[in-house]
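Only one structure is covered here, and it is reproduced in the block below.
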Amino acid sequence: MKMTRKRRLTALFLTGAMTALFAAGCGGQTTGDPGQADGGQGAVQGTGDNKTVIRIWTKDRHDAKYIQEKVDAYNSSNTDNIAVEYELYTDNFDQAVDLAVQSGELPDILTLNDQVYSQYVNQGQWLDLYEYMDDDMKEYFKEEVYPGINEIDGKLYYIPTCGTTGRLVYNKEIFERVGISEPPKTLAEMVEDARLITTQLSGEGIYGFAQHMKSASSALERSLDLGMERENGVKKGFDFAKGVYDFTGYEEALGYWTQLLAEDVAFPGCESLDIDPLRTQFANGKIGMYISWTHSEPGVYREQFPMDSSKWDVAPIPTSTGVESGKQNIKFTSGYLINAKSPNADKAFQVYKNIFASEDFLVGYYEGGYGVSIIPQIVKKANLNEEIAGKTWLQMQDIDGVLPMTPQEKNVQAVIVEGEDYYKTFESIYYGGADAKETLRDLTDRYNRAYEKGIADGVGEKLVIEQYDPLNA
Amino acid sequence: MKQQVSTEHKRVVLKRNLESYVFMLPNLVLFVVCSIYPIIWTLKYVFFQYGGIGTGNPKWVGLENLARVFRDEVYWKSVINTFIYGFGKVILIIPLAFFLALILVKQTKFNSFAQSMVFLPTIMSSAVMGLVFYLLFNAYNGEINQYLLNAGIISRPINWLGKEHAMKTLVITAIWGGVGNYMVYFIAGIQQVSKDALESAKIDGAGRLQTLWYITIPMMGPILKIILMLSITSAFNDITNVMVLTEGGPNNATMVMALYGYKYFFPVSASESVIPQYGYGAAVSVVSAVIAGAVTVIYLRLSRKLDDVY
């Protein structure tokens, strides 16, 4: 069984080769140029005809086709010697950005992502747009400047062009069948209507209410959160006037939610339901109502799960009392961040201005149903398609507004709460039967302890807005 | 002269050892990079508060993360759930796999086909498996409910993924996904049983059941010990099954300890609001590893008799 010398040498060579290959695989790339570490690598590469490449990362698939067409048109027509590369990262966008920041490979432009924006805004990662905007541009977008959100210390980091908020989505046919003349305004009416539908039509597999409760945060961010903002002016449990967290005011609303999700009212299996299976059942006429975002549903029922637009409509989210004590937040869905450390930041801004901030782009975006514009000039100019034009509450109304950011939204690491976050804690009330009063008191204590610890550690800041008026935030 | 021989001997031994080390090198590198380094990394972050890349420098917190694990009620609920899931899975999958192995051990064309069918779920993607079981078990139009309703066994749909039944559904999914694997181990074990012993039993007039009970099962002791250990340890680490079907819900009814630690590193969709906390996630992982290790040690002590083959 002795190995010959030749065999032994071959075996040793192969073993060495395997080790070397493995080591090479683990080693990653070395740039050899430390100066590259801070800049967008793609921006300094040239194409065959020495064009400057501007790389854009997006996380959005729904508008990718529309934007790619605009990018292609720009690439073929621009005389600035710029080539734009538009790249889609739908999975793990946040992690991809984190790694890119570390390795100095962040692209020149990124689509807006709240967490990514907040995480790096204090590290000088984003370009101050004011440095490059001319007076006309500043004037055009002046309504979209929100101090403390996109404008910090006199620097403008992005311009939001579209927004979304939550609405009650309901099936008009089902409402008519059971004799409901108008959508509910209060949570008590909502429970009553949902129960009526389930009682009368569950034999046909039709139920009054559904929500995709598999992910409490996904479901409640678009529903309960927004209802509470209008109900008592508190955003995600934070009271801006007092500068503290206070969840005790959620008790009544959670009581109604417990009823809505009970077996005699809710669509079976809401606990494990995702949003798309819910939408397929709504499109099949099996669900009376649910709550979702304004920007997504028209496109979903036009293309993804086709449903006759005349069969459904939207209405404001019902609240406990029906009294408007505050505005509900508009969440920005479109905006772009420019990498301040890119060696071609000036050209990146040029691309941004010529493509994404152009009126032609913004009007087409709104008309195409890719987002709900929050720019008054665009809203005025756009010819809306039937789904949006016929449903008043799909557009932004007086009940909607841009609210300040909570301490946790400003910096997630500033409020590290011990135990379950408030979404999961609510789950223990409506599904677990936990005592609401005691649970909400404990939740308030835990959030305030975490908030104060963040301030003490120097990670967060005390936030109190003197004379805060939730109706005129 | 003696000195010369000794030096030559050392040189030969060194050369031979060097060859062995070179052969071991690829695996050693893999082992260090993929096992040792992550363990050291995890142990280090147990003592820090750290939110991941781009969230500032890790902050030393001493034993605080570990103390928090012991105060965390949801974590201990997940530990109990892990034991329920593991116990439910092992107690059902082992007899079922053994039974299938017994009836399919004989080499026939049908048995080969049947073995492949039973083994198929083992190589199926967990994501596909989760989707299939969601379609089977979902409350509103799942196949299982449709069959039961049509047969008149139930009058209203059962919420298989609700808090009452979700754990049972997970155990069923785990059995379906893993039984083929254990069946193959058992078939290998049965084939190792001494033919002489089986023939002797036959000559002595032992029936099939007697042969099974007194010859086959005792002689499979060592392999049974390994199969049991594999099934116990895999039950402790099984998060893909839970992740694709329930993500630990509803209201943590199916949260298992491995998934609970995982979500602090990579928030899954059902807990996407969880803020990444690498330090606390590391502490949860270390405590979970200690629990799993303790269970394995206890099992190995209790199962020492299985090594005795008569």
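The values are calculated or read from the model by the stated rules, or taken from the named source; none is laboratory data. This structure is a prediction, so every number in the text was calculated from the model and none was measured. Quick reminder, even Gly has a Cβ in these numbers, built from the backbone with ideal geometry, and neighbours come from all protein chains shown.
Out of region A:177-193, which residues are touching a helix residue (DSSP H, G or I) at 6+ places or on another chain (Cβ under 6 Å) and of a type in the set (A, V, I, L, M)? Lay out the reasoning, then the answer.
Step one: of region A:177-193, the residues touching a helix residue (DSSP H, G or I) at 6+ places or on another chain (Cβ under 6 Å) are A:178, A:180, A:184, A:187, A:191.
A:178, A:180, A:187, A:191, listed by residue number.
Give just the number: which of (1) within 21 Å of residue B:251 (Cβ to Cβ); (2) at pLDDT 95 or above; (3) within 24 Å of the chain's Cα centre (by Cα) does residue A:255 not satisfy?
(3) is the only condition that residue A:255 fails.
Have a look at B:77, B:15, B:59 and point out the one that is among the basic types (Lys, Arg) and touching a residue at least 24 places away in the same chain (Cβ under 8 Å).
Numbers: B:15 fails: touching a residue at least 24 places away in the same chain (Cβ under 8 Å); B:59 fails: touching a residue at least 24 places away in the same chain (Cβ under 8 Å).
Testing whether each residue is among the basic types (Lys, Arg) and touching a residue at least 24 places away in the same chain (Cβ under 8 Å) leaves just B:77.
Given the criterion touching a residue at least 24 places away in the same chain (Cβ under 8 Å) and either of a type in the set (Ser, Thr, Tyr) or crowded, with 18+ Cβ neighbours inside 10 Å (or both), identify the matching residue among B:166, B:139, B:188.
On the way: B:139 fails: touching a residue at least 24 places away in the same chain (Cβ under 8 Å); B:188 fails: either of a type in the set (Ser, Thr, Tyr) or crowded, with 18+ Cβ neighbours inside 10 Å (or both).
The unique qualifying residue is B:166.
Identify all residues within region A:126-152 that are assigned to a loop (DSSP other than H, G, I, E, B) and either out of contact with any helix residue (DSSP H, G or I) (no Cβ under 7 Å at 6 or more places or on another chain) or outside the structural domain of residue A:346 (by TED's automatic domain parsing) (or both); write none if there are none. If you could, list the steps in order and put the result at the bottom.
At the first step, the residues of region A:126-152 found to be assigned to a loop (DSSP other than H, G, I, E, B) are A:127-128, A:132-134, A:141, A:145-146, A:148-150.
If the condition is that a residue be assigned to a loop (DSSP other than H, G, I, E, B) and either out of contact with any helix residue (DSSP H, G or I) (no Cβ under 7 Å at 6 or more places or on another chain) or outside the structural domain of residue A:346 (by TED's automatic domain parsing) (or both), then A:128, A:133, A:134, A:141, A:145, A:146, A:148, A:149, A:150 are the ones that fit.
Return yes or no: is residue B:260 surrounded by 20 or more Cβ atoms within 10 Å (Cβ to Cβ), touching a residue at least 60 places away in the same chain (Cβ under 8 Å) and not hydrophobic (A, V, I, L, M, F, W, C)? Lay out the reasoning, then the answer.
Numbers: surrounded by 20 or more Cβ atoms within 10 Å (Cβ to Cβ): yes; touching a residue at least 60 places away in the same chain (Cβ under 8 Å): yes; not hydrophobic (A, V, I, L, M, F, W, C): yes.
The answer is yes for residue B:260.
Please determine, by comparing only the residues of region B:28-63 that are at the interface with another protein chain (Cβ under 10 Å from one of its Cβ atoms) and in a helix (DSSP H, G or I), which one is surrounded by the fewest Cβ atoms within 10 Å (Cβ to Cβ).
The selected residue is B:34.
Can you name every residue in region A:78-109 that is among the hydroxyl-bearing types (Ser, Thr, Tyr), surrounded by fewer than 16 Cβ atoms within 10 Å (Cβ to Cβ) and within 16 Å of residue A:339 (Cα to Cα)?
A:103
State all residues of region A:110-127 that are surrounded by fewer than 20 Cβ atoms within 10 Å (Cβ to Cβ), over 23 Å from residue A:355 (Cβ atoms) and either acidic (Asp, Glu) or facing chain B (nearest Cβ under 9 Å) (or both); if no residue qualifies, say none.
A:123
Name the pairs whose Cβ atoms lie under 6 Å apart, with the first residue in region A:115-128 and touching a residue at least 60 places away in the same chain (Cβ under 8 Å), the second hydroxyl-bearing (Ser, Thr, Tyr) and in a loop (DSSP other than H, G, I, E, B), and 6 or more positions between them or separate chains?
Close Cβ pairs satisfying both conditions: A:126/A:157.
Using the structure shown, decide if residue A:380 is assigned to a helix (DSSP H, G or I), at pLDDT 95 or above, basic (Lys, Arg) and loosely packed, with under 15 Cβ neighbours inside 10 Å.
Numbers: assigned to a helix (DSSP H, G or I): yes; at pLDDT 95 or above: no; basic (Lys, Arg): yes; loosely packed, with under 15 Cβ neighbours inside 10 Å: yes.
Considered against the rule, which asks whether it is assigned to a helix (DSSP H, G or I), at pLDDT 95 or above, basic (Lys, Arg) and loosely packed, with under 15 Cβ neighbours inside 10 Å, residue A:380 comes out as no.
Among the helices (runs of 4 or more DSSP H) confined wholly to region A:36-112, which include 2 or more residues that are at pLDDT 85 or above and in contact with a helix residue (DSSP H, G or I) (Cβ under 6 Å, 6 or more places away or on another chain)? Show your work before the answer.
Details: elements: A:41-44, A:64-77, A:93-103.
So the answer is A:64-77.
From B:221, B:249, grab the single residue that is buried (at least 19 other Cβ atoms within 10 Å of the Cβ) and in contact with a helix residue (DSSP H, G or I) (Cβ under 8 Å, 6 or more places away or on another chain). It would help to see each step written out before you state the result.
On the way: B:221 fails: buried (at least 19 other Cβ atoms within 10 Å of the Cβ).
Going through B:221, B:249 in turn, the sole match is B:249.
Can you tell me which condition residue A:404 does not meet? The list is (1) surrounded by 14 or more Cβ atoms within 10 Å (Cβ to Cβ); (2) part of a helix (DSSP H, G or I); (3) not charged (D, E, K, R), and all the others hold.
(2)
Of the residues A:398, A:360, which is surrounded by fewer than 18 Cβ atoms within 10 Å (Cβ to Cβ) and more than 27 Å from residue A:65 (Cβ to Cβ)?
Details: A:360 fails: more than 27 Å from residue A:65 (Cβ to Cβ).
The match here is A:398.
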